[in-house]
Amino acid sequence: MDSLEHNEDEAPWVLVADDDAGTRLLLRRKLEKSGYNVICASTGKETVSRLSDKVASAVIDLKMPDGDGLYCLRYIREHYPDMAPLVLTASENIANAVEAMKQGALDYVTKPFNPGQVAALVDKSVDAYRKASRLKAAEKKLEQARQQQIFVASQIQQTLLLGRPPRDLPEMHVAQLTIPSEKIDGDFYDFIRPAPRLLDIVVADIMGKGLMAAFMGAALKSEFLRVLNQGLSLPDRNDPPEPEQIVKGVHDNMIEQMKELETFVTFCYGRFDLHRYRFVYVDCGHVRTIHYKRSENRVVLLKGANMPLGFPETSPFQQFTVPFAPGDLFLFYSDGLTEAADQNRELYGEERLVRFVEKNASMPADELIRAIYRDVTAFTGTQVFIDDFTCVGAKIDASPSDGLQVTDRQHLEIDSRLDNLKKVRAFVRRFCGQNAFGQLDPLRISQVEVAATEIAANIVKHGLDSQPGNTIKIAAEAFKNRIEVEFRDTGRAFDPNNIQPPVLDGTQESGMGCYLVSQLVDDIAYHRDDKTGENCARFKILLFKDR
């Protein structure tokens, strides 16, 4: 092949292919006079060997040895689709000329021909080639710009939008996994510590793709932090603002910008309270969060009642509270996971995800989300996602040390009078309400009140002989999995082993109080503290019972 060095100011190159030397010479002289560079070929094989990206047009005879003109046209169509060649044909070969047009020829000229006519058609062919080349160059620049935008958006996503989970929470383990799609979405998540025993997780999905979605995600993430910090800095506030207050602040500050951009965001903003063992969340149109309850071996899907952020919300944002227990798991994710489709366009779906979580919930959080990723890619048959694959797992620690740390401790001292029993009931009721994490219903709390009242009454009547002026000390302690209440007094020593079992037909009253207490609590123990000279009665109420 001739070596053709390209120069934008250089005259275009035209290939003339004909097995007749006179025709080649005639066309060469005419085209060179018209300002073209010309190369020639006499066979089909030679023609395809002389083609290159520098050749702007070709005039090809349909009838040549060693590969005819149709063979050359098919080769050009496959390897040089921007070229629009011309064909030469004898008058009796019109049918072949029509076939040549179907194979991509711009036009055909019958022999004998007017060289000026051929030159005019070459002008059209070269002009078409130049337009196609400019279009391709523009498309290439657009693709380069698009790839640059994807790169920038990806960098924004990786550095600004995807937070890092905390590693210093002994009570829970948090892990995350994001697999970017070919078109960067606005998925983002973050982890915020508004207080030592609190962890806020926000998982969001911006409508749209590319740089705009990435910038909007970064702006929203920053706004969540700003609103939270503003709330924490208020002089009269002791506790962090509630999730619903944070979401309202972000909505009020961002709604006008989002309306102008005609975009919206779905998200879940959730707070793990590791002191009270509860999860408080605001869901705004996001996919349902999965809550696996270990004690029940089942999944509960957490759904909110709010419109996506960016919609003109008219009512206050509503938050929900759910209790959790040791061993529970929360899974946040984007619709890129559940909407991943196989070759038959069947979606992976929420139901399949729930079944997978129920089956594999014993895994650590990081292993589980990677197992989910492998299951999704096995289902779809590809590791390429249309939307970002985003998954965040939070698992509550179920180690034996869970029950050792006191999360709350309160004290009450009463004088040994029966009219103070109402203080005992109120104390126990308030403490259970603050520390039972929603695991004790009103009936169960009433039973705990009865047990505490019965113990205090027995101390007053039997230990202190109903004599006022003696102090009864009551201490309530909350743990992650139970509540314990302890009673101390300096009255007569009490040995529960000396108490006869009650007669349940009503003929004998003694022993009934101790029996009642034993039935209402999960465990009770009595002992005498010889160092202080105090009697000690302590009962336990379990919050999370395996079923």
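Given the pairs K221/K259; K33/K124; K248/K303; K395/K480; K45/K131, which are separated by over 21 angstrom at their Cα positions?
Going by Cα-Cα distance, K45/K131 fall outside the 21 Å limit.
Treating the angle as unsigned and between 0 and 90°, give the value, to the nearest 10°, between the Cα long axis of helix 115-156 and the longest Cα principal axis of the chain.
20 degrees
In segment 217-261, which trypsin sites (Lys or Arg not before Pro) are in a loop and have at most 11 other Cβ atoms within 10 Å, using DSSP for the loop call?
Counting only loop positions with at most 11 other Cβ atoms within 10 Å, the trypsin sites (Lys or Arg not before Pro) in segment 217-261 are R237.
Under the definition of Cα pairs under 8 Å and six or more residues apart, what whole-number percent is the relative contact order of the chain?
Numbers: 1026 pairs, mean separation 51.7, N = 547.
Normalised by residue count, the contact order of the chain is 9 percent.
Give the angle, between 0 and 90 degrees and rounded to the nearest 10, that separates the Cα long axis of helix 365-380 from the longest principal axis of the Cα atoms of the chain.
Tilt of helix 365-380: around 40 degrees.
Per residue and in cubic angstrom, what volume does the convex hull of the Cα atoms of segment 402-542 have?
Numbers: hull volume 16.5 nm³, N = 141.
Taking only Cα atoms, segment 402-542 has a hull volume of 117 Å³ per residue.
Taking a ≥ b ≥ c as the square roots of the Cα gyration tensor eigenvalues, with a/c under 1.5 meaning rounded and otherwise prolate when a/b beats b/c, else oblate, which class fits segment 265-363? Could you put the intermediate results ahead of the total?
On the way: a/c = 2.79, a/b = 1.05, b/c = 2.66.
Cα axes put segment 265-363 in the oblate bin.
Multiplying the sequence separation of A378 and S518 by 0.36 nm and subtracting their Cα-Cα distance, what value in nm do you get?
Values: separation 140, 0.36 × 140 = 50.40 nm, distance 5.44 nm.
Separation in residues times 0.36 nm, less the Cα-Cα distance, equals 45.0 nm.
List the residues, sorted by chain then number, that are 5 or more residues from I206 or on another chain and whose placed amide H is less than 5 Å from its amide H.
Long-range HN contacts for I206: G186, D187, F188.
Amide H neighbours of G491 under 5 Å, counting only residues 5+ apart in sequence or on other chains, H built in-plane at 1.01 Å?
Under 5 Å from the amide H of G491: N535.
Give the angle, between 0 and 90 degrees and rounded to the nearest 10, that separates the Cα long axis of helix 21-33 from the longest principal axis of the Cα atoms of the chain.
70 degrees
Please work out which option in [x] 90, 48, 43; [y] 137, 48, 40; [z] 80, 62, 44 gives Cα extents along the principal axes in Å calculated from these coordinates, and answer with its label.
Label of the calculated value: [y].
According to a simple spin-label model (label point 7 Å from Cα along Cα-to-Cβ), what is the distance in nm between D495 and R74?
So the label points at R74 and D495 sit 11.0 nm apart.
Roughly how far apart, in whole Å, are the Cα centres of segment 71-85 and segment 359-376?
Rounded to whole Å, the Cα centres lie 52 Å apart.
Counting only residues 5 or more places away or on other chains, whose amide H sits under 5 Å from the amide H of D408 once H atoms are built in the peptide plane?
Under 5 Å from the amide H of D408: A478.
Apply the a/c threshold of 1.5 to the C-alpha gyration tensor of segment 162-398 and tell me whether it is rounded, prolate or oblate.
oblate
Please say if segment 13-135 is rounded, prolate or oblate, where rounded means a/c under 1.5 for a ≥ b ≥ c the square roots of the C-alpha gyration tensor eigenvalues, and otherwise the choice is prolate for a/b larger than b/c and oblate otherwise?
On the way: a/c = 1.29, a/b = 1.09, b/c = 1.18.
Rounded is the answer for segment 13-135, as its axis ratio a/c remains below 1.5.
Counting helices only, and only those DSSP H runs with n ≥ 4, report the 222 nm mean residue ellipticity of the chain as the sum of -39,500 (n - 2.57) divided by its residues, in deg cm²/dmol to the nearest 500.
Values: 13 runs with 196 residues, N = 547.
For the chain, the value works out to -11500 deg cm²/dmol.
Tabulate in residue order the Karplus-calculated ³J(HN,Hα) for segment 217-234, using 6.51 cos²θ - 1.76 cosθ + 1.60 with θ = phi - 60°, rounded to whole Hz; enter x for Gly and Pro.
Each residue's phi maps through the Karplus curve to give x, 5, 5, 5, 4, 5, 5, 4, 5, 5, 5, 4, 5, 4, x, 5, 8, 5 Hz.
Applying the Karplus parametrisation 6.51 cos²θ - 1.76 cosθ + 1.60 with θ = phi - 60° to the phi angles of segment 526-542, what ³J(HN,Hα) value in whole Hz is obtained for each residue in order, glycine and proline being reported as x?
Taking θ as phi minus 60°, the curve returns 10, 7, 9, 8, 5, 5, 9, x, 10, 7, 10, 10, 9, 10, 10, 10, 7 Hz for segment 526-542.
Each residue of segment 317-332 in turn: what ³J(HN,Hα) in whole Hz from Karplus with 6.51, -1.76, 1.60 and θ = phi - 60°, glycine and Pro shown as x?
Running phi through 6.51 cos²θ - 1.76 cosθ + 1.60 with θ = phi - 60° gives 5, 9, 10, 10, 10, 10, x, 9, 9, x, x, 5, 9, 10, 10, 9 Hz.
Each value in this text was obtained by applying a stated rule to the coordinates, not by laboratory testing. What you see is a predicted model, and the numbers here were worked out from it, not measured in a lab. Cβ sites come from the backbone with ideal geometry, for glycine too, and all protein chains shown count toward neighbours.
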